[in-house]
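Dumping the structure here so I can ask a few things about it.
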Amino acid sequence: MTVEQFIKDRIRANGSIEISEYMALALAHPEDGYYIRKDPFGVQGDFTTAPEISQVFGELIGAWLVTQWVIMGKPESALAEIGPGRGTLMADILRATANVKGFHESISVHLMEISTTLRQKQWNTLAGKHTDILWHTGFAEIPPKPLLLVANEFFDALPIRQYLHAPDGWKERRVTLNDDDQLEFIFVPQAPPEFLQHEPQSDRMYEHCDAGHRLMVVIANRIATYGGTGLIIDYGYEGSPFGNVGGNTLQSVREHKFHDVLVDPGTADITAHVDFYNLTHAAAEGGCVIYGPVGQGELLNRLGAKERIETLCATATPSQQKTLISGLARLTAVDQMGELFKALCITDPHLPKPEGF
Ligand code: SAH
């Protein structure tokens, strides 16, 4: 059964479903979900992510993690990535840190991934890069010790719910079937969580990612209890959604083009902009200190992206130089990924302000 048939059967049986349920099924249905059935990345795929664009992304993050680990007093730690895609970022982190005395010996590597297809890819990418790599389906499985955590374009894939503040009261946007048996959005009277009810603007959409909020609290709580740091990079907005940011950010992408969210679920990526305002509050709720978010471009530049590119270019062919330079521009330029993508750092309250923030 395709995920579309599965979704339609569920609506026929029980009525309309929340967008969060639609998103969770489309992306992660155990047999036919988007991340389960295909490798979505790269030119041949549907979208490209920072580690797939430039090795420098992972190298700079690797060096940053080592700096944090040294400040923490070089403890035995869990190096964890949530939503590792093809494993490219972790491979670059491990390669860039291989010569740091004692680092690889002090860490075990943990990958939180739901997709068996992508786990296989990650396994291939990471073969020989570290002796102690484990895969997990949930964060709770990652052993309780000091944590060095990275997440790139993970939170945008977590299911959201949408609420409209209509003149006649709050409504939730849900997914239903129309008379032609096609998927369709409808609005159903439903109040959002209480914190979204403050000073709402009329006829405006508000989004809430409960899964992201809850996971962030748990991660922050782990870090506050056992020590460590987390670096979360994603595209999204940072001000309060009660200002002019946010709204309806639900989107679908297939083959590098926008796609209708409700057409052929399971064959296209579905994401929503990350609400950094909410993630920041979740991290504080979990007991962490928060730095940023800062623009991805700003962070990479502060961590020495230009200098790293220059070093690589010194021994590269002209065509490699071109790729390196254009990759850096894509990651850092304000009209590309430099500003829309943001980096948030959460740390155990005993650590000083991290480099780059
Ligand atoms: N970080 C990677 C991939 C981002 S795509 C990169 O930068 O290239 C999102 C990743 O999160 C995929 O690996 C997807 O399978 C995984 N994922 C999505 N939802 C998940 C969930 N609920 N639990 C664990 N992994 C999930």
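FYI, it's all coordinate maths here, none of it is from the lab. From a predicted model like this one, the values you see are computed outputs, not experimental measurements. A quick note on method: Cβ atoms are made from the backbone with ideal geometry, for glycine too, and the neighbour counts reach across all protein chains shown.
How big is the dipole moment of region 187-267 about its Cα centre under a simple scheme where the beta carbon of each Lys and Arg is +1, that of each Asp and Glu is -1, and everything else is neutral? Debye, nearest 20, please.
Computed charge dipole of region 187-267: roughly 260 debye.
Mind scanning Lys74/Lys101; Lys74/Lys145; Lys101/Lys129; Lys121/Lys322 and naming the pairs with a C-alpha gap bigger than 19 Å?
Details: Lys74/Lys101 10 Å; Lys74/Lys145 12 Å; Lys101/Lys129 15 Å; Lys121/Lys322 28 Å.
Listed pairs above 19 Å: Lys121/Lys322.
Turning to a different aspect of this structure: Report, in debye and to the nearest 20, how large the dipole of the chain comes out about its Cα centre when Lys and Arg carry +1 and Asp and Glu carry -1 on their Cβ.
Computed about the Cα centre, the dipole is about 1120 debye.
Sort 162-169, 116-123 by the packing proxy (mean of other Cβ within 10 Å over each peptide's residues), most packed first.
Top to bottom by mean Cβ count within 10 Å: 116-123, 162-169.
Given the peptides 134-145, 320-331, 278-289, arrange them by the average over their residues of other C-beta atoms within 10 Å, most packed first. Provide the component values of the computation, followed by the final result.
Working: 134-145: 13.8, 320-331: 16.6, 278-289: 20.6.
In decreasing order of mean packing, 134-145, 320-331, 278-289 become 278-289, 320-331, 134-145.
While we're here: Among bridges DSSP assigns within the chain, what percent are antiparallel (round to 5)?
On the way: 37 of 60 bridges.
Counting only bridges with both partners in the chain, antiparallel ones make up about 60 percent.
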